[in-house]
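For reference, the structure is listed below as structure tokens.
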Amino acid sequence: MEAILLEYAWVLLVLVFLEGLLAADNAVVMAVMVKHLPKEQQKKALFYGLFGAFVFRFIALFLITFLAKYWEIQALGAAYLLFISIKHLYDNHFKKQDEESEIKEGKGSGFWMTVLKVELADIAFAIDSMLAAVAIAMTLPHISDYHIGGINAGPFAVMFLGGFIGLVIMRFAAQMFVKLLNDYPTLETAAFLIVGWVGVKLAVLALGHENLAIIDPHFPHSTVWKSIFWVVLLGLAVGGYLVSVYKNKKAKAEK
């Protein structure tokens, strides 16, 4: 029994680390989406977003054996994130806008519409998070004959705890990213590039789904792809931060 508990503790630790990484993806998206709101509304939108993330992860945990059959869910999430990323980059770098159109755009994206956008992103992230959790926790030995949502109670409890701790990490990460975006406005471009890159990750998952299999189903979970994803993501984050700091210093020097 001690050996089993030790194995459970180790898997929970790995799962918390993994959920923390996935929470960083979700936190960046949430921060980018709520940035345009006033500070008080930012906090409320983040709260609703985190509450939605918890609800969707909880539902996904119960229904994961059913949801895992549908590649369309990840494909829709990928399309959604790629759309908001490309639209932002196009509007801000390729489409000439005067100050009036920018003001109208800011007014058009109200509080509840922002919350809705955050919740839509949460659905895609919930599936991604639970699929990763299942892949790790399902290797654990069963500790009872009781099953929840088609998953043994032991692995189910580990996945639930890992997901909950991941949400706690997401809460603080999202607030940190919002602060960074407020302090370094030019970092927003890098943030939207990251959102698009996360969309690519979901697209790769959809393309590698066993019911679609346009690419090798093992590729989205391979060390090669995971390494590529994190190297590019970190490169975008660090590069964007350095460029933003340089532009801030340059702007202060010109004043």
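The values are calculated or read from the model by the stated rules, or taken from the named source; none is laboratory data. Because the structure is predicted, anything quoted here is derived from the model rather than measured. Positions of Cβ are generated from backbone atoms using ideal geometry, with glycine treated the same way; all protein chains shown enter the neighbour counts. The protein model used for the area step is the full one, side chains on, heavy atoms only, and it has no ligands, DNA or RNA in it. Shrake-Rupley method; radii C 1.70, N 1.55, O 1.52, S 1.80 Å.
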Yes or no: L6 among the aliphatic types (A, V, I, L, M), open to solvent by 70 Å² or more (accessible area, probe 1.4 Å) and without any contact (Cβ under 8 Å) to a residue 12 or more places away in the chain?
yes
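For every residue, the table says whether it meets (1) within 22 Å of N182 (Cβ to Cβ); (2) surrounded by 23 or more Cβ atoms within 10 Å (Cβ to Cβ).
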{"residue": "V14", "(1), (2)": "no, no"}
{"residue": "N26", "(1), (2)": "yes, yes"}
{"residue": "A31", "(1), (2)": "yes, yes"}
{"residue": "E40", "(1), (2)": "yes, no"}
{"residue": "F51", "(1), (2)": "no, no"}
{"residue": "F56", "(1), (2)": "no, no"}
{"residue": "I59", "(1), (2)": "no, no"}
For T189, which of the numbered conditions (1) over 24 Å from A79 (Cβ atoms); (2) hydroxyl-bearing (S, T, Y); (3) under 19 Å from the mean Cα position of the chain (by Cα) fails to hold?
(1)
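A quick yes/no check of all residues on (1) closer than 26 Å to V178 by Cβ; (2) modelled with pLDDT of 75 or more; (3) out of contact with any Lys or Arg (no Cβ under 9 Å at 6 or more places or on another chain); (4) assigned to a strand (DSSP E or B):
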position	(1), (2), (3), (4)
G106	yes, no, yes, no
V115	yes, yes, no, no
I123	yes, yes, yes, no
S129	yes, no, no, no
A135	no, no, yes, no
H142	no, yes, yes, no
D145	no, yes, yes, no
P155	no, yes, yes, no
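Within segment 183-217, can you find the residues that are hydrophobic (A, V, I, L, M, F, W, C), modelled with pLDDT of 85 or more and more than 25 Å from A251 (Cα to Cα)?
The initial filter retains those residues of segment 183-217 that are hydrophobic (A, V, I, L, M, F, W, C), namely 187, 190-195, 197-198, 200, 202-207, 212-215.
Going one step further and asking which of them are modelled with pLDDT of 85 or more, we end up with 193, 197, 200, 203-204, 206-207, 212-215.
Hits for segment 183-217 are W197, V200, A203, V204, A206, L207, L212, A213, I214, I215.
Yes or no: G110 more than 21 Å from the chain's Cα centre (by Cα), over 24 Å from V34 (Cβ atoms) and at pLDDT 75 or above? Full working, then the answer.
Numbers: more than 21 Å from the chain's Cα centre (by Cα): yes; over 24 Å from V34 (Cβ atoms): no; at pLDDT 75 or above: yes.
Here the answer is no, as G110 does not meet what is asked.
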